[in-house]
Each structure stands twice: as structure tokens, then as C-alpha cells.
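Student: Sharing a structure with you now.
Computed from the coordinates by the stated procedures, all read-outs in this text should not be read as laboratory data. Note that the structure is a prediction, hence the values are computed from the model and not measured. Virtual Cβ from ideal backbone geometry, glycine too; neighbours counted across all protein chains shown.
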Amino acid sequence: MIIACHECDLLNTVPSIPEGSTARCVRCGAVLYSRKKDSIDRTMAFTIAGLVLFALSNAYPILGMKSEGILLETTLMQGVTELHAQGMWGLAALVFATCILVPLIQLLGLLYIILPIRMNRLAWQAPFFFRYLRKLQPWGMMEVFMLGILVSIVKLAKMAVIIPGLSLYAFAALIFVLAGAISSLDPHLIWDRLGDDHE
Amino acid sequence: MNEMAKTAMDSSLVSCHSCHLLCKTPVYLGKSGAACPRCGEALHTRKPESIARTWALLLAAYIFYIPANVLPIMKVTSLGHVQADTILSGVIYFIETGMWPIALVIFIASVFVPLLKLLILTYLLISVHKKSQWRPKDRTRLYRLTEVIGRWSMVDIYVVTLMVAIVKLGAIATIEAGPAAVHFACVVVITMFAAMSFDPRLIWDNIDMEQSGGNK
């Protein structure tokens with residue numbers, strides 16, 4: 001198989017490599033492709049787990065604050081609406097997109113592509129959706145949001161008693177599950193499957 | 001490997017940006033262009049107008065970087081007293097109160113990373129302009145670095161969002177997002193687009209084939 005390196009354009013002759021190993025460009029060292037173990041099954045498992053955690057993390061409060069004996073809690077969505085209320089609709093949209101919308105689309109989209117492949121079928125317009133799914137990937141920033149939560153906790157710790165909400169744990173788990181889904185996904189394999197049907 | 005040391009472009013092949021399918025360069029690869037037969041993405045031997053687009057986006061990002069650092073990112077009103085913090089004054093505040101780790105996280109994510117990314121991309125563009133032969137492999141690594149680190153600058157935006165939401169709940173103080181937050185978000189988003197529009201293959205287009213083939 002010949003693959004043109006996407007970073008330096010060199011044509012590499014790539015031998016068939018065993019599962020779990022990675023082929024790199026001989027000239028610039030970019031990853032040409034890596035074969036993942038049980039790619040389809042694992043990606044599907046991670047995606048389903050991710051959807052459950054996603055629901056949890058958005059339904060429950062992230063942080064609670066004890067003030068004068070009353071427990072006040074906030075969800076991520078409340079942060080977005082509050083930004084909007086302050087007239088920062090652009091920021092609100094950006095936070096909404098990177099922390100809620102894109103991760104949700106990623107999870108649903110992966111399931112939409114993977115599930116039919118698992119059953120030896122092809123979803124409607126699969127190549128189109130998979131292409132845009134891949135393009136969206138850099139815009140999901142949940143792990144960065146997690147760091148934001150940690151920084152906020154430390155910042156607020158001096159002002160009030162901060163109680164981590166249930167959603168915080170779901171968020172933390174979701175980050176690992178999302179990373180797992182993305183790293184177990186083998187785009188080459190998916191494209192091969194999608195391409196086969198096309199021809 | 002020397003006989004294989006040939007780029008896709010030299011062999012009149014195009015690698016699809018999206019699904020990496022290797023296609024024969026179509027005779028007509030004009031503005032409307034040809035589409036990848038597998039995934040439907042427009043085919044280009046190099047990303048279109050890569051240098052001009054990256055320059056334009058970089059310039060915009062440099063401009064936004066100034067108000068992002070000069071204007072306040074957060075306004076805290078407590079008991080009628082208003083305190084506006086810029087990114088740097090926030091960092092200094094944390095150093096003074098002895099919260100080193102937080103100061104470091106904010107400084108790296110909000111000041112160092114965006115600037116580093118801007119400088120790396122500027123350097124890469126200049127090196128492509130000058131047809132530099134210097135360490136193409138390391139320059140490609142620099143490019144990869146910009147793709148990975150950029151997203152972490154969003155931390156401050158998320159911190160502001162959370163602070164705004166939670167402090168609103170208690171009646172002690174109110175926190176408002178300042179104008180710098182918008183400019184800062186623009187810097188992050190625009191530099192991400194700049195990194196995407198830069199084509200690392202341009203670095204290698206200037207490199208002598210035999211030289212690089214013999215290196216390895």
C-alpha cells in the first residue's frame with residue numbers, strides 16, 4: 001500500500017503492519033496510520049459509555065457553593081446562559097459549541113458511523129458525515145474545560161466552601177472515555193469500509 | 001529508499017486532505033476543482049492559498065492579542081467596589097497570594113501558549129518564504145506542536161464562564177466577563193484556523209529530494 005504523507009507529501013510504501021503498531025513517514029516522522037486492536041468494538045463501547053456520561057454531566061450541577069447555610073449549585077448550561085445574559089453572546093456560543101455541542105455531535109456521529117459498520121452495513125451518507133466529524137474533532141475541548149473547572153475551584157476556594165457536584169465526576173470520566181474513543185478509532189479502517197461500498 | 005523518495009506531487013498524485021486517499025491528479029484542478037471519489041472533499045495538491053490565508057489570520061490574531069492583554073478579562077463587583085482584572089494582573093495576584101500552581105497554569109495557557117503559537121507560525125511562514133533548507137524535520141515538529149497546544153488557551157474562557165455562573169448565585173459579589181474575554185477567544189479561534197490553513201508540505205517543497213533522502 002502506498003500512502004502519501006499528509007505532512008511532507010512523500011510517497012511511503014507501507015507494508016501491512018500488525019495490530020497495535022504504527023507506521024510513520026520515513027522522512028518527517030508523521031504518523032501515517034496506526035492499526036488499532038479491536039478498533040470498531042472498542043470505539044463503539046467508548047462511544048456508548050460516553051453518551052451515558054454526557055447525559056449525567058449535563059443534567060447535574062458541576063459545582064456547588066455553600067453560602068450562609070444555603071447550598072447553591074450551577075450547571076455548565078447556566079454558565080452559558082449567564083454569559084448570554086451579560087451580552088457576551090459570542091462567548092456563550094463558543095463555550096456552548098466547544099463543551100456541549102461538539103462533544104455531543106462527536107459521540108452521536110461516531111455511533112451513527114460505527115454501529116452500521118459493526119453490522120456490516122453502511123449508514124446513509126456515511127462518508128459525508130464522517131468527513132465533517134473528523135473536521136469537528138479539534139473543536140471539542142472537554143479536557144481543557146476540565147482544567148478550567150480545577151482552576152475555578154482553587155480560585156473560589158477562598159471565597160466560599162466549594163462542593164464538587166456529581167457532574168464533575170462524570171466530566172472527569174467522560175474526558176478519558178472520549179480520549180479512548182478517539183484513540184481507538186482507526187480512520188483508515190473506516191475509510192476503507194466506506195470506500196469499499198462506494199465502488 | 002532513494003528510488004522511492006518521491007512526493008505525491010512529483011508523481012502527479014493528490015492525497016485527499018480528509019480521507020488520505022491517493023488519487024491521480026485530475027487534468028482540471030482549478031478553482032471549483034475536483035472532488036475525492038471516496039469522501040467528496042475538494043482535492044488540492046497543497047492547501048489552497050495556504051500562505052496568504054495563514055498570514056492574514058496571523059495578522060488578525062496579533063491585533064486581537066493586544067486588547068486581549070490590555071483590557072480587563074473579568075470585573076468583580078463586591079459591596080459597591082469594582083475590581084477589574086486583566087490576564088496579567090490576575091497572574092500577578094496569584095503570585096502575590098502564593099498560589100504558584102494556578103499562576104503558572106494561567107500564565108502558560110493564556111500568555112505563553114498563544115504567543116508561542118503566533119511566533120512559531122510566523123517563523124514557519126518566513127522560513128517558507130526564504131525557501132529555508134534548515135532542519136525541515138524539526139520545523140514540521142514545531143508545526144505539530146502548534147496544532148496540539150493551541151486549544152489549551154481556552155482555559156481562561158472556561159474559568160470566566162464558571163466564575164460568572166457560580167458567583168452570580170451568591171449575593172456577596174457579582175462577576176462580569178470583561179471585553180478582553182471576547183478578544184482572547186478570538187485569538188484562540190483565529191490561531192486555530194491559522195494552524196489549519198498552513199500546509200506543512202510547503203516546508204518540504206523547498207527541500208532537495210536527494211539531500212533529504214540521503215539524510216535518513
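Student: For residue A:24, what residues show an amide H to amide H distance below 5 Å, using hydrogens built from the backbone and excluding near sequence neighbours?
Tutor: Distant-sequence amide H within range of residue A:24: A:32.
Student: Over chain A, calculate the relative contact order: mean separation of alpha carbon pairs under 8 Å at least 6 apart, over the residue count, as a percent.
Tutor: 28
Student: Can you figure out the FRET efficiency of residue A:68 with residue B:134, using R₀ = 56 Å and their beta-carbon distance, to the nearest 0.05?
Tutor: Taking R0 as 56 Å, the efficiency between residue A:68 and residue B:134 is 0.30.
Student: Right, next: Let me know the Kirkwood hydrodynamic radius for chain B, please, with Cα pairs as the basis and the value in Å to one decimal.
Tutor: Evaluated on chain B, it is 20.1 Å.
Student: Taking the Cβ of residue A:21 as the center, what net charge do the other residues with Cβ under 15 Å away carry, scoring Lys and Arg +1 and Asp and Glu -1?
Tutor: Net of charged neighbours comes to +1.
Student: Averaging the inverse of every distinct alpha carbon separation and then flipping it gives the Kirkwood radius. What is it for the protein assembly as shown, in angstrom units?
Tutor: 23.3
Student: I've got another one for you. When A:108, B:121, B:162 are ordered from fewest to most other Cβ atoms inside 10 Å of their Cβ, what list results?
Tutor: A:108, B:121, B:162
Student: Loop-only trypsin sites (Lys or Arg not before Pro) in segment A:62-127, please: DSSP not H, G, I, E or B, and at most 13 other Cβ atoms within 10 Å.
Tutor: A:121
Student: Moving on. Can you give me the P(r) profile for chain A? Cα pairs, bins 5 angstrom wide beginning at 0, each as a whole percent.
Tutor: Histogram of Cα-Cα distances, whole percents per bin: 1, 7, 13, 15, 16, 14, 11, 8, 7, 5, 3, 1, 0, 0.
Student: Starting with the fewest neighbours, write out A:192, B:156 ranked by other beta-carbon atoms found within 10 Å of each beta-carbon.
Tutor: By the 10 Å Cβ count, ascending, the order reads A:192, B:156.
Student: Residues with amide H under 5 Å of residue B:35's amide H, sequence separation 5 or more or different chain, H placed in the peptide plane at 1.01 Å from N; which?
Tutor: Residues meeting the amide H criterion: B:43.
Student: Turning to a different aspect of this structure: Show the residues, 5+ positions off or on another chain, whose built amide H is closer than 5 Å to the amide H of residue A:63.
Tutor: A:74, A:165
Student: Counting only C-alpha contacts under 8 Å and six or more residues apart, can you give the relative contact order of chain B as a whole percent?
Tutor: For chain B, the relative contact order is 29 percent.
Student: Now a separate question. Spelling out what I want: for every residue of segment B:140-157, take phi, set θ = phi - 60°, compute 6.51 cos²θ - 1.76 cosθ + 1.60 (Karplus), and round to whole Hz; glycine and proline get x.
Tutor: Taking θ as phi minus 60°, the curve returns 5, 4, 4, 4, 4, 4, 4, 5, 7, 7, x, 4, 5, 5, 5, 3, 4, 4 Hz for segment B:140-157.
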